[in-house]
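Trainee: This structure is in structure tokens; I'll ask about it shortly.
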Amino acid sequence: MSQGLPWGDSPIDLPEEEPGEVKFLAPEDAAELEELQAESDDTDADMGPHERSHAWQVPGVRAGLGWVSGGVAVSTLALLGLNSHALANWADQLPVASVTAPVVSAADGWHDTAGALGLNAVVDAVEGAAKAMRKAPWPGQKPSGGDSETPAPD
Amino acid sequence: MLFPTLVFHGFFIIVFALNWLMRRAGDWRQIMLLVASWIFYGWFDSRFVLLLLGSAFLNWGAARLILADPARGKAWLSAGVIANLLILGFFKYYGFFTHEVNAAFDSLGWNASLPVIDVILPVGVSFFTFQGISYVVDVYKGRSEPARLLELTVLMSFFPHLVAGPIVRPGHLLPQLRETPWLSRGAASTSLVLIGWGLVKKAVIANELGMQLVDPVFSDPSSHSALDLVIASYGYAIQIYCDFSAYSDMAIGFAGLLGFRFPRNFDQPYRATSLQDFWRRWHLSLSFWLRDYLYIGVFGGSRQALWRTCLALFGTMVLGGLWHGASVNFVIWGALHGGMLVAERLWQQFRPEGWPRLPAWAGWFITFHVVTLAWIFFRMAQFQDATALIGRIATWQQGSFIASPWTVGMIVLGMACQFGPPDAIQRLGRRLQVLPFWAVGLVGTLLLLLVEGLRGAGVAPFIYFQF
């Protein structure tokens, strides 16, 4: 991770991962760095030649690329099975053409199959609950039909 | 291409994989990110990609001329800034300008008129233009290193922040572009939390409030009761916060997964106890941009006579309002904020000795209601409509009532997250990072299924896309 943005200014910065350990340099390594620092607006310039460790050199900081890739892969595969609604909605919005027709038919077919297998149950249940919650009246208020408008309470 | 859609999901997975496969490929990684950003932007309208490219070339050229000819640096700086403002002005204000000028010609009985062109507003033009201006100014002032054309084009086009910010400073992003990226588990988990929370805020809270309450009430305020109008006004305050901050959260999260750190853009703004405090919490990247480049850079900031400081504050906020579009209501929105900021400054300066300080809860109450009042002007297209709505509230008119426990619950939820722990995202990130990858995948799946079921029919575009 870069130090271009001061540490802590991004919401993804965790204090324990701050690449802040200062390593003082030997004179031969320092000369080159001093030239670079002289050109930059380094607030730590008075500390003498030094460099800050990279994030991956901070003790205890674990790499996250494999972990997040695995998480995204699991989630994507699970969603292909459990969220055929999104696939069908996307396919239905494609322009009508001979190229898109098989895509639309495959997406709709998978949506039907997933429904028959009970894979759409989670989304269907949440949709049903959301519909009921949208229609829920205030205590003492008569439930409305199709028209949700009611007179204002006094 | 909208973040909370299937198309973007597929797009991001491809970019994510290529980004990390090419992590040591130097310029080729930047080229890949640039092409991906053009595809993302071209999804809205492919013609705008040329504008984006032209704008990057213009700013790169201006910076090169500033450095090559320091004696005329100020002239090149002015030329660069003016060129950026002309682009912005043409797309945002040309239609308004020609309409007003032609109306004036008509009223004077002149037989002349400016050509009327149907100008389509490119998505995010204000954001990338501001990014370009900050690059030219920062190079002139020595706050940023000059960028190569490729780097500047990536800086301005990078898809996570391209259409609605956060406005990332060149000095913050250029060093990151030049480094080999690395992703810690903490950064990855907080990025996932930001994306998930952003999705809930946009696809559930903002969408539900917009469709079930705000849009029906604000499109026909004369038929609604005063109570409905008050609740819908609170609803809009929460809707615009959830909509806009969701985009920022997701942008920061997606950039984080690609190995980039973007700055925070929102910090629980509705817990502010003064307008000054509010602007240190709302749309921080624009707020700091206006402070550095307009309030201090153009108007001189606070190190001058009090009346000039007040004028600078007021002028900055009015221009900030006008930045949103050519409309009287945006000017009034800016003037209300500017007026309150001036009033606060004067009160700080001239508060009589011994007078008690305003309790924090009263400061919060006043600030929230001033901000909500200003949002009414921001939301309504016409000045008369906004004043008529406020008039109906003031005279407590009767009418229909559509606010439901569900929509009020959404307002309460949106408000409650303003008062949670400020580091809630990091705390959740820490909890997530101890889980194995498959459990994270399942948590993500469950969240997306809940959002899919709750979000109703589709997702509306982000409100700030129009700016």
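Trainee: Of (1) surrounded by fewer than 15 Cβ atoms within 10 Å (Cβ to Cβ); (2) touching a helix residue (DSSP H, G or I) at 6+ places or on another chain (Cβ under 8 Å); (3) not aliphatic (A, V, I, L, M), B:F96 satisfies all except one. Which?
Mentor: (2)
Trainee: Looking at this structure, is B:V168 out of contact with any Gly (no Cβ under 6 Å at 6 or more places or on another chain) and either in contact (Cβ under 8 Å) with a residue 40 or more places away in the chain or outside any loop (DSSP other than H, G, I, E, B) (or both)?
Mentor: yes
Trainee: Looking only at residues that are more than 8 Å from chain A (Cβ to nearest Cβ) and open to solvent by 90 Å² or more (accessible area, probe 1.4 Å) in the stretch B:429-440, which one is farthest from B:D243 (Cα to Cα)?
Mentor: Taking the candidates together, the pick is B:V434.
Trainee: With respect to B:W396, determine if the residue is surrounded by fewer than 21 Cβ atoms within 10 Å (Cβ to Cβ), part of a loop (DSSP other than H, G, I, E, B) and within 12 Å of chain A (Cβ to nearest Cβ).
Mentor: Against the criterion (surrounded by fewer than 21 Cβ atoms within 10 Å (Cβ to Cβ), part of a loop (DSSP other than H, G, I, E, B) and within 12 Å of chain A (Cβ to nearest Cβ)), B:W396 qualifies.
Trainee: Picking from B:G420, B:G453, which residue would you name as being more than 30 Å from A:Q141 (Cα to Cα) and modelled with pLDDT under 95?
Mentor: B:G420
Trainee: With the requirement that a residue be open to solvent by less than 30 Å² (accessible area, probe 1.4 Å), under 14 Å from B:R345 (Cβ atoms) and touching a residue at least 12 places away in the same chain (Cβ under 8 Å), what does the stretch B:296-329 give you?
Mentor: Listed by number, the residues that qualify are B:T309, B:C310, B:A312, B:L313, B:G315, B:T316, B:M317.
Trainee: Still on this structure, please answer the following. Is it the case that B:D138 is among the acidic types (D, E), away from chain A (no Cβ under 11 Å) and in contact (Cβ under 8 Å) with a residue 24 or more places away in the chain?
Mentor: Judged against the criteria, B:D138 is a match.
Trainee: Going through the stretch B:172-192 one residue at a time, which ones are closer than 18 Å to A:E16 by Cα and of a type outside the set (A, V, I, L, M, F, W, C)?
Mentor: B:S184, B:R185, B:G186, B:S189, B:T190, B:S191 - these are the residues of the stretch B:172-192 that are closer than 18 Å to A:E16 by Cα and of a type outside the set (A, V, I, L, M, F, W, C).
Trainee: Then there's this: Only one of B:V101, B:V15, B:V49 is aliphatic (A, V, I, L, M), free of Cβ contacts under 8 Å to residues at least 40 places away in the same chain and either within 14 Å of another protein chain (Cβ to nearest Cβ) or surrounded by fewer than 17 Cβ atoms within 10 Å (Cβ to Cβ) (or both); which?
Mentor: B:V101
Trainee: What residue, of B:V412, B:V443, B:V370, B:V408, is open to solvent by 40 Å² or more (accessible area, probe 1.4 Å), part of a helix (DSSP H, G or I) and either touching a strand residue (DSSP E or B) at 6+ places or on another chain (Cβ under 7 Å) or over 30 Å from A:L119 (Cβ atoms) (or both)?
Mentor: Exactly one of B:V412, B:V443, B:V370, B:V408 is open to solvent by 40 Å² or more (accessible area, probe 1.4 Å), part of a helix (DSSP H, G or I) and either touching a strand residue (DSSP E or B) at 6+ places or on another chain (Cβ under 7 Å) or over 30 Å from A:L119 (Cβ atoms) (or both), namely B:V412.
Trainee: Does the stretch A:45-64 contain at least one residue that is at pLDDT 85 or above and either under 17 Å from the mean Cα position of the chain (by Cα) or more than 7 Å from every other protein chain (Cβ to nearest Cβ) (or both)?
Mentor: Yes, because at least one residue in the stretch A:45-64 is at pLDDT 85 or above and either under 17 Å from the mean Cα position of the chain (by Cα) or more than 7 Å from every other protein chain (Cβ to nearest Cβ) (or both).
Trainee: Here's a follow-up. Looking only at the stretch B:417-427, decide whether some residue is in contact with a Leu (Cβ under 7 Å, 6 or more places away or on another chain), surrounded by 16 or more Cβ atoms within 10 Å (Cβ to Cβ), under 30 Å from B:A188 (Cβ atoms) and β-branched (V, I, T).
Mentor: Yes, the conditions are met somewhere in the stretch B:417-427.
Trainee: Would the stretch B:144-162 turn up any residue that is facing another protein chain (nearest Cβ under 8 Å) and either touching a residue at least 40 places away in the same chain (Cβ under 8 Å) or surrounded by fewer than 24 Cβ atoms within 10 Å (Cβ to Cβ) (or both)?
Mentor: No.
Trainee: If you don't mind, another one. May I ask you to list pairs of residues, at least six apart or on different chains, whose Cβ atoms are under 6 Å apart, with the first in the stretch A:104-133 being farther than 16 Å from A:L79 by Cβ and facing chain B (nearest Cβ under 9 Å) and the second being among the hydrophobic types (A, V, I, L, M, F, W, C) and open to solvent by less than 50 Å² (accessible area, probe 1.4 Å)?
Mentor: Sorted first by the residue in the stretch A:104-133, then by its partner, the pairs are A:A130/B:L454; A:M133/B:W406.
Trainee: Take the stretch B:163-221 and flag every residue that is more than 21 Å from the chain's Cα centre (by Cα), of a type in the set (G, A, S) and surrounded by fewer than 21 Cβ atoms within 10 Å (Cβ to Cβ).
Mentor: Once the filter is applied, which keeps residues that are more than 21 Å from the chain's Cα centre (by Cα), of a type in the set (G, A, S) and surrounded by fewer than 21 Cβ atoms within 10 Å (Cβ to Cβ), the stretch B:163-221 yields only B:S219.
The values are calculated or read from the model by the stated rules, or taken from the named source; none is laboratory data. Just so you know, these numbers come straight off a predicted model, no measurement behind them. Glycine also receives a Cβ, built like all others from the backbone with ideal geometry; neighbour counts cover every protein chain displayed. All accessible areas refer to the heavy atoms of the entire protein, side chains included, with ligands and DNA or RNA removed. Shrake-Rupley method; radii C 1.70, N 1.55, O 1.52, S 1.80 Å.
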